[in-house]
Amino acid sequence: MVEHGGFEPPTPCLPGKCSPAELMPLDAVSVAGFGEGGQRSRAGAQCGMRGSARRDGGLLGCDTGGGMLELALVGTGGMLPLPERWLASALIRYNGHLVLFDCGEGTQISLRALGWGIKDIGVLLISHVHGDHVAGLPGLLLTLGNSGRTEPVDIVGPPGLIAVVTGLRVVAAYLPFEVRCRELESGDSFAHAGMRITCVAAEHHVRCLAYRLDVPRAPRFLPDRARSLGVPLVDWKRLQRGEVVGNVRPQEVLGPPRPGLSVGLVTDTRPTSAIADLVNGVDLLVCEATFGDDADQPRALERKHMTFREAAELASAANASRLVLTHFSPSVTRPEDYASNALDVFANTTIGSDHLSVTLRFQKD
Ligand SMILES: [Zn+2]
Ligand SMILES: [Zn+2]
């Protein structure tokens with residue numbers, strides 16, 4: 001029997017129902033939809049990443065996370081969890097915020113062993129609704145409820161997500177927080193806790209999304225310029241935030257654009273040019289590699305997955321800096337035995353393993 005800690009279910013959370021997030025423009029999501037409005041206040045929530053990073057010429061960058069983003073593989077298996085390999089899932093930590101990518105059976109157990117926390121997961125990115133990527137949701141939601149969480153939980157994924165989450169919620173009907181689901185279309189983008197998250201359609205047997213997370217970096221502020229233009233010290237922060245002060249535009253006191261941090265999350269798909277475009281130039285690409293042996297390429301084609309070599313080719317085509325492989329078939333008992341198939345194509349490849357973590361930092365100027 002599940003303990004609910006004696007709370008009263010709040011009115012917005014109907015038994016077994018998952019409320020779709022309001023159909024507001026995606027650029028507005030950071031204001032009232034995902035994360036920032038309902039979460040407790042953190043420095044990253046003050047970023048004001050409200051517009052499109054593309055539209056405003058990159059002036060949104062306001063990293064408050066110390067220029068650091070971490071990713072851990074919660075699991076690296078496909079199809080079914082194994083005693084030594086949980087199902088493929090990844091946890092991203094940025095400035096105290098957690099983003100979970102996929103949630104198969106047993107994900108919460110591996111999350112607990114990882115030790116990065118569960119209660120503060122703000123948004124879940126779902127690639128697709130096959131069981132090995134979503135069956136862990138009700139258990140995770142119940143655990144979040146038992147942890148005393150009251151802030152809403154946002155779940156995004158491809159069309160069809162709401163019906164599936166609503167079905168899974170039959171066994172997790174009463175929660176002390178609202179579960180807000182949003183179905184994304186290819187190309188959609190939204191802001192969350194100082195990150196920008198973008199998706200494109202992947203190629204699998206069901207609707208599937210590949211994701212990219214970006215942490216933008218603000219251009220360097222040039223104090224000598226500000227002084228020479230007569231901007232009072234008290235207004236410097238406004239210019240740094242991209243506001244116009246008097247006749248002085250931010251561009252006049254800011255240096256050139258600086259690269260931020262970026263991660264690609266790609267699973268259960270064939271390699272496609274749209275995915276290569278999405279993850280172009282990422283610092284880290286976490287990519288499925290279901291089959292190790294090149295001889296299994298026909299199976300990969302038929303089941304709409306990738307071989308190690310194909311994942312490496314995708315990383316190469318995308319000009320990624322680093323590749324970490326995941327979502328191994330249960331038949332691949334020792335993924336490292338096939339490492340050379342990926343390393344032949346893309347030298348900076350790591351064979352993923354449960355709880356492997358990668359830390360990304362801003363480049364030094
Ligand atoms: Zn899968
Ligand atoms: Zn699948």
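Readers should treat all values here as calculations from the given coordinates under stated rules, not as data from a laboratory. Nothing here was measured: the structure is a model prediction, and the numbers come from that model. In this analysis, Cβ positions are derived from the backbone assuming ideal geometry, glycine residues included, and neighbour counts consider all displayed protein chains.
Work out from phi, with θ = phi - 60° and the Karplus expression 6.51 cos²θ - 1.76 cosθ + 1.60, the ³J(HN,Hα) of each residue of the range 118-131, listed in order in whole Hz, and give x for Gly and Pro.
For the range 118-131, the Karplus curve yields 10, 4, 8, 5, x, 9, 10, 9, 10, 6, 6, 9, 5, x Hz.
Cut-off is 10 Å between beta-carbons; in what order do ASP132, ASP296, ASP224 appear when sorted fewest neighbours first?
If I rank by nearby Cβ atoms, fewest first, I get ASP224, ASP296, ASP132.
Residue-wise, which Karplus ³J(HN,Hα) couplings in Hz belong to the range 290-305, taking 6.51 cos²θ - 1.76 cosθ + 1.60, θ = phi - 60°, and x for glycine or proline?
Per-residue couplings from phi come out as 5, 10, x, 7, 4, 5, 8, 4, x, 5, 4, 5, 5, 8, 6, 10 Hz.
For ARG249 and ASP188 in one chain, what is 0.36 nm times their gap in residues minus the Cα-Cα distance, to one decimal in nm?
19.0 nm
Using 0.36 nm per residue of separation minus the Cα-Cα distance, give me the extension gain between ARG225 and GLU336 in nm, one decimal.
Taking 0.36 nm per residue and subtracting the Cα distance, the gain is 34.6 nm.
Among LEU98, LEU73, LEU285, which comes first, second and so on when ranked by fewest other beta-carbon atoms within 10 Å?
Taking fewest neighbouring Cβ atoms as first place, the list is LEU98, LEU73, LEU285.
If R₀ is 30 angstrom, what is the calculated FRET efficiency for the pair GLU203 and THR150, using the beta carbon separation as r and rounding to 0.05?
Working from the Cβ atoms, E equals 0.15.
Given H placed on each backbone N at 1.01 Å, which residues far from LEU356 in sequence or on other chains put an amide H within less than 5 Å of it?
Residues meeting the criterion, in which the H sits 1.01 Å from N, are LEU73.
Exposure proxy check: MET68, MET195 ranked by fewest other beta carbons within 10 Å?
MET68, MET195
Determine the relative contact order of the range 64-198: mean sequence separation of Cα pairs under 8 Å and six or more apart, normalised by residue count, in whole percent.
Computed value for the range 64-198: 18 percent relative contact order.
Could you tell me whether the range 128-228 comes out rounded, prolate or oblate from its Cα gyration tensor? Rule is a ≥ b ≥ c as square roots of the eigenvalues, rounded for a/c under 1.5, then prolate if a/b exceeds b/c, otherwise oblate. Spell out each step's value before the answer.
Values: a/c = 3.65, a/b = 1.68, b/c = 2.17.
In terms of gyration-tensor shape, oblate.
Please work out whether the range 282-365 counts as rounded, prolate or oblate from its C-alpha gyration tensor, where a ≥ b ≥ c are the square roots of the eigenvalues and a/c under 1.5 means rounded, while otherwise a/b larger than b/c means prolate and anything else oblate?
prolate
For LEU323, what charge total do you get from the other residues with a beta carbon under 12 Å from its beta carbon, if Lys and Arg give +1 and Asp and Glu give -1?
Residues near LEU323 contribute -2 overall.
From largest to smallest, what semi-axes in whole angstrom does the range 211-317 give when each is the square root of 5 times an eigenvalue of its alpha carbon gyration tensor?
48, 10, 9
Can you list the residues, at least 5 places off or on another chain, whose amide H is less than 5 Å from the amide H of VAL324, using H built in the peptide plane?
For VAL324, whose amide H was placed from the backbone, the distant partners under 5 Å are LEU285, VAL286, CYS287, THR350.
Could you tell me the center-to-center distance, by alpha carbons, between the range 197-230 and the range 329-365 in angstrom?
When both Cα centres are located, 24 Å separates them.
Name the long-range amide H neighbours of GLU203: under 5 Å, sequence gap of 5 or more, or other chain; modelled H, no Pro or chain starts.
Correct list: ARG270.
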